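Every number here is computed from the coordinates shown, using simple stated rules; none is lab data. Just so we're clear, the structure is a prediction, and the values are computed from it rather than from any experiment. Note that each Cβ is placed from the backbone with ideal geometry, even for glycine, and that neighbours are counted across all protein chains shown.
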Amino acid sequence: MNRLALLDTPIAGLKVIKRQQLQDSRGFLSRLFCSRELASCNWPPIAQINHTYTARKGTIRGMHFQNPPFSEKKLITCLRGEIWDVAIDIRAESPTFLQWHGVLLSGTNHFSLSIPEGFAHGFQTITDDVELLYCHSCEYKTEAEGGLNPQDNKLMIDWPLKVAEISDRDRAHPLLKDTFKGIKI
């Protein structure tokens, strides 16, 4: 019995996942990952799982990616609160190069976002006290880290709230130059 419904987005490979809940008087059970059900997303074994907490509404984190050969798939799930989750296609020669897609993830709507290799990822908190769970296909490598500036006008990301907080590191990500051709996967 499938408990994960995979929904297409306008960008090839980027999927929204609707999680079915099994509820009773005690609460609920929700499947977060199933290799068989996510087979069409070509999920390899999970190499790393991270848990984040963001205290303040309006905070932006991102737009992060790992350069090859350490490019990674990510599965993003919001456990508490609400975020506007954004993935940008930075795959070299992709027909949707530099296009982004955003989706509302929350602790109550039971959506996740499956992000393939070759995407930058970030989010803005819509509520205070947000917790996320990230599943990664590769371990984090400092030397492979990359990022785009989440406030770059060339990206035209439609952040839903005024920016309340952004780290110095994320603010320092470079603005796009015309010479940026993306990453080859």
Quiz item: Over the chain, what relative contact order in percent results from Cα pairs under 8 Å that are six or more residues apart?
Solution: 29
Quiz item: In a shell of Cβ-Cβ distance under 14 Å around H51, excluding H51 itself, what net charge do Lys and Arg (+1) and Asp and Glu (-1) give?
Solution: +1
Quiz item: Give me the log10 of I(q) over I(0) for the stretch 1-50 at q = 0.24, 0.28 Å⁻¹, as the Debye formula computes it from C-alpha points; what are the numbers?
Solution: -1.00, -1.14
Exercise. With springs only between Cα atoms under 10 Å apart, run a GNM on the chain and tell me which of L175, L148, L75 wobbles the most.
Key: L175
Quiz prompt | Spatially proximal lysines relative to K18 (Cα-Cα < 17 Å; intrachain offsets below 8 disregarded) | solution = K74
Self-check item: √(5λ) per eigenvalue of the Cα gyration tensor, the stretch 65-148, largest first, Å
Solution: 23, 15, 10
Quiz item: Dipole size in debye (nearest 20) for the stretch 11-100 around its Cα centre, Lys and Arg Cβ +1, Asp and Glu Cβ -1?
Solution: 300
Practice problem: May I ask you to work out the translational diffusion coefficient for the stretch 24-109 at 37 °C, viscosity 0.692 mPa s, via Stokes-Einstein with Rh from the Kirkwood sum over Cα pairs, reported in whole µm²/s? | Solution: 210
Exercise. Note down the net charge around R31, summing +1 for each Lys or Arg and -1 for each Asp or Glu among other residues with Cβ under 13 Å from its Cβ.
Key: +3
Practice problem: List F65, F97 from most exposed to least, where exposure is judged by having the fewest other Cβ atoms within 10 Å. | Solution: F97, F65
